[in-house]
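Let me begin by presenting the structure, written as structure tokens, before commenting on it.
The values are calculated or read from the model by the stated rules, or taken from the named source; none is laboratory data. Quick caveat, the model's predicted, so the values are computed rather than measured. With ideal geometry, Cβ positions are generated from the backbone for all residues, glycine too; neighbour counts draw on all protein chains shown.
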Amino acid sequence: MRNHEELLRDRRAALRQDPAAIGAAELARQVLGWARSLDAGERVLREALREAAAGPRGPYGPVAEAGALGRAAALLAAAEAAAVLAARSTHTLTAEAGVTTTVVSALVPALVAESTALLGRPVVENASDTDRLRGAVVAQFPWLVHGFAAEEADESGLAEAVRLGEPLTDVDPSRLNSLSRGGCSPIQTLPRLVTGPELTAAAADIRILATSVLAAGDELHRRMAEAPDEPPTREADRRLAAGYETLYAAAACLGLWASGTQAEELWLRATLRALLVRLHRLLDEAPPALDPCPAGELPPEEALAATLTAEGPLLPF
């Protein structure tokens, strides 16, 4: 069994980041924070899978049912996708790092907390840090709304970010800024991605999920546009910021999958379903009616859980 340091080192390698090569100490701290959160969530999921394999009741109580295991894995996969894309885009979309790293620094521990709560042993997020980060995103709403409406994006930088395994140039510190007046390219390219050739060729249920994510994103940005420009930040505004985080995770999953990463369609189905439910909850709307599975087929969450083993790879990105 690998120790915690080894797991963390593996996760850092997966994020394509190393403090010595990042070029900015604050970025190094943030990326390592994502790595620690992901590691904690994955360890809990492995424990739950071992319990499920051992019998109906584990050392922590009743074993999580298959649907909960699958939803937990889907949320962790979404957190990983967001962290990987954000870590790579720090190099290729450096001018957007002010919003991207803030969004992901709130998102990853939140998704880890939600996924581990499903398994009955929550890894608790730091609520004060999360509120502070979401307040910083709220301050950038005007630019994010404008960028989404205009569908402005750094296409070449985003294309480089989603090519996992490709080398990255060093971060240019002169381009780092706490604010991103150009918005967030992964989210701002969602309309083109959803109607693009990769998604058009995907299975019908994936196209429906992607279209539903985009529709929820439209409503989210409409409400962001109505948020007051002046502080103090309201709780309703922070919920919108959490919705923006969720939309970023969905954009990361779709973008990485469409770029040809080895993640299977089952991962994308389960992840988009989990994120879509979360996004509607944050918009205070009823969850969408997800299409029933054909006769004889398991729901994506249960099918995903059936593919997982405690000792094998758990996350796809």
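In the set Glu297, Glu285, Glu302, Glu265, which member is under 27 Å from Arg134 (Cβ atoms), modelled with pLDDT under 95 and not polar (S, T, N, Q)?
Values: Glu297 fails: under 27 Å from Arg134 (Cβ atoms); Glu302 fails: under 27 Å from Arg134 (Cβ atoms); Glu265 fails: under 27 Å from Arg134 (Cβ atoms).
The match here is Glu285.
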| Pick from Ala310, Ala227, Ala241: which is more than 25 Å from Leu199 (Cα to Cα), in contact with a helix residue (DSSP H, G or I) (Cβ under 8 Å, 6 or more places away or on another chain), crowded, with 23+ Cβ neighbours inside 10 Å and not acidic (Asp, Glu)? | Ala241
| query | Is there a residue being exposed (fewer than 15 other Cβ atoms within 10 Å of the Cβ) and under 18 Å from Pro288 (Cα atoms) anywhere in the range 184-205? | reply | yes
| field | Subset of the range 39-69 (residues that are at pLDDT below 90 and among the aliphatic types (A, V, I, L, M)) | value | Ala52, Ala53, Ala54, Val63, Ala64, Ala66
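Would you say Ala305 is among the hydrophobic types (A, V, I, L, M, F, W, C) and either outside any helix (DSSP H, G or I) or in contact with a strand residue (DSSP E or B) (Cβ under 9 Å, 6 or more places away or on another chain) (or both)? Steps first, please.
Details: among the hydrophobic types (A, V, I, L, M, F, W, C): yes; either outside any helix (DSSP H, G or I) or in contact with a strand residue (DSSP E or B) (Cβ under 9 Å, 6 or more places away or on another chain) (or both): no.
Spelling it out, it is not the case that Ala305 is among the hydrophobic types (A, V, I, L, M, F, W, C) and either outside any helix (DSSP H, G or I) or in contact with a strand residue (DSSP E or B) (Cβ under 9 Å, 6 or more places away or on another chain) (or both).
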| Could you count how many residues in the range 145-182 are modelled with pLDDT under 90 and on the phi > 0 side of the Ramachandran plot? | 1
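Take the range 133-149 and flag every residue that is in a helix (DSSP H, G or I) and not aromatic (Phe, Trp, Tyr). Reasoning before the result, please.
Residues of the range 133-149 in a helix (DSSP H, G or I): 133-138, 141-149.
Of everything in the range 133-149, those that are in a helix (DSSP H, G or I) and not aromatic (Phe, Trp, Tyr) turn out to be Leu133, Arg134, Gly135, Ala136, Val137, Val138, Pro142, Leu144, Val145, His146, Gly147, Ala149.
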| query | Only one of Ala72, Ala77 is at pLDDT 95 or above, under 23 Å from Val277 (Cβ atoms) and within 12 Å of the chain's Cα centre (by Cα); which? | reply | Ala77
| query | Assuming Thr130 fulfils every condition listed in (1) in contact with a Leu (Cβ under 6 Å, 6 or more places away or on another chain); (2) in a helix (DSSP H, G or I) apart from one, which condition is it? | reply | (1)
| query | Residues of the range 133-151 being under 21 Å from the mean Cα position of the chain (by Cα) and surrounded by fewer than 15 Cβ atoms within 10 Å (Cβ to Cβ), which ones? | reply | Glu151
| request: Determine whether the range 73-85 contains at least one residue that is surrounded by fewer than 24 Cβ atoms within 10 Å (Cβ to Cβ), out of contact with any helix residue (DSSP H, G or I) (no Cβ under 6 Å at 6 or more places or on another chain) and not charged (D, E, K, R). | output: no
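Here is a list: Thr195, Thr116, Thr169. Which entry is of a type in the set (Ser, Thr, Tyr), within 27 Å of Leu268 (Cα to Cα) and more than 16 Å from the chain's Cα centre (by Cα)? Talk me through it step by step, then tell me what you get.
On the way: Thr116 fails: more than 16 Å from the chain's Cα centre (by Cα); Thr169 fails: within 27 Å of Leu268 (Cα to Cα).
Within the list Thr195, Thr116, Thr169, the selection yields Thr195.
Can you confirm whether Ala127 is touching an Asp or Glu at 6+ places or on another chain (Cβ under 6 Å), surrounded by fewer than 24 Cβ atoms within 10 Å (Cβ to Cβ) and not hydroxyl-bearing (Ser, Thr, Tyr)?
On the way: touching an Asp or Glu at 6+ places or on another chain (Cβ under 6 Å): no; surrounded by fewer than 24 Cβ atoms within 10 Å (Cβ to Cβ): yes; not hydroxyl-bearing (Ser, Thr, Tyr): yes.
No: the conditions fail for Ala127.
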